[in-house]
1. Quick one: count up the residues across region 23-40 that are in contact with a Phe, Trp or Tyr (Cβ under 7 Å, 6 or more places away or on another chain) and at pLDDT below 95.
2. Name every residue in region 146-171 that is open to solvent by 60 Å² or more (accessible area, probe 1.4 Å) and among the hydrophobic types (A, V, I, L, M, F, W, C), in order of residue number.
3. So in region 155-190, with the set limited to residues that are part of a helix (DSSP H, G or I), of a type in the set (Gly, Ala, Ser) and over 16 Å from the mean Cα position of the chain (by Cα), which one is nearest to Cys60 (Cα to Cα)?
4. Among the listed residues Gly132, Gly105, identify the single one that is under 18 Å from Met23 (Cβ atoms) and at pLDDT below 95.
5. Any residue at all in region 172-190 that's open to solvent by 80 Å² or more (accessible area, probe 1.4 Å) and within 21 Å of Thr104 (Cα to Cα)?
6. Only one of these conditions is not met by Gly106: (1) within 11 Å of the chain's Cα centre (by Cα); (2) closer than 23 Å to Glu188 by Cα; (3) of a type outside the set (Phe, Trp, Tyr); (4) open to solvent by less than 30 Å² (accessible area, probe 1.4 Å). Which number is it?
7. Looking for something assigned to a strand (DSSP E or B) and without any contact (Cβ under 8 Å) to a residue 60 or more places away in the chain - is there at least one such residue anywhere in region 129-152?
8. Kindly establish whether Thr127 is modelled with pLDDT under 95, crowded, with 18+ Cβ neighbours inside 10 Å and within 28 Å of Tyr12 (Cβ to Cβ).
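The values are calculated or read from the model by the stated rules, or taken from the named source; none is laboratory data. Predicted model only: the values in this text are computed from it and were never measured. Don't worry about glycine lacking a Cβ; one is built from the backbone with ideal geometry, like all the others, and counts go over all protein chains shown. Quick note on the areas: whole protein, heavy atoms, side chains included, nothing else; ligands and nucleic acids left out. Shrake-Rupley method; radii C 1.70, N 1.55, O 1.52, S 1.80 Å.
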Amino acid sequence: MEKVLLDKRDGYAIVTLNRPDAMNALSRELRADFVKAFAECCSDESIRVVILTGNGRAFCAGFDLKELASTGGDAADEADNTIARAMEAFGGPVIGAINGHAITGGFEMALACDVLIASENARFADTHARVGIMPGWGLTVLLPEAIGARRAKQMSVTGNYVDAETALAWGLVNEVVDHDRLVDRAHELAADIASVPPSGVAGIL
């Protein structure tokens, strides 16, 4: 089974994390496939927008700790920023369609998106402190920018979950929609953005 799915549409693409049985945890294989999917979007000039979402009940649960434990790896050693670099290399906006839990590395991936649409089932948590590693993909800057320094510190030092409605009230996400409407709403936004002249979008990003 492919660990990342790429579906191209008219003017935009959908990148779907596809390890539903493992809450889309970031295994080495998934990370490699993710980078390849975004590289393909970068090389295709017709792709103006990317929708990033997850298959199943989670958006992304962060690093695959079971894989690391079985191979003797360490999350701190593997916390490179290849995923962040792959997203940054794409010149257009990335819409995060957060379908469920976005935890630690998955939360950082969500924060790297330009627009966040959350399902009513979405949950966000920064558990870096709990697992003893430092954020490596920009969370320490992006989270305070999104919700303010005090709320960001609260999330990071407690590791507690923030539900979708709280995320909306705090300014973490743009919208909360019914779970069944999430992908459709992301498609609507992607189509809207793709209809704007590229020069206009580039001047804003």
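1. Residues flagged as in contact with a Phe, Trp or Tyr (Cβ under 7 Å, 6 or more places away or on another chain) and at pLDDT below 95 within region 23-40 amount to 2.
2. Correct list: Val157, Leu168, Ala169.
3. Residue satisfying both the conditions and the ranking: Ser156.
4. Matching residue, one of Gly132, Gly105: Gly105.
5. The answer is yes; a qualifying residue exists.
6. Single failed check for Gly106: (2).
7. The answer is no; no qualifying residue exists.
8. The answer is no for Thr127.
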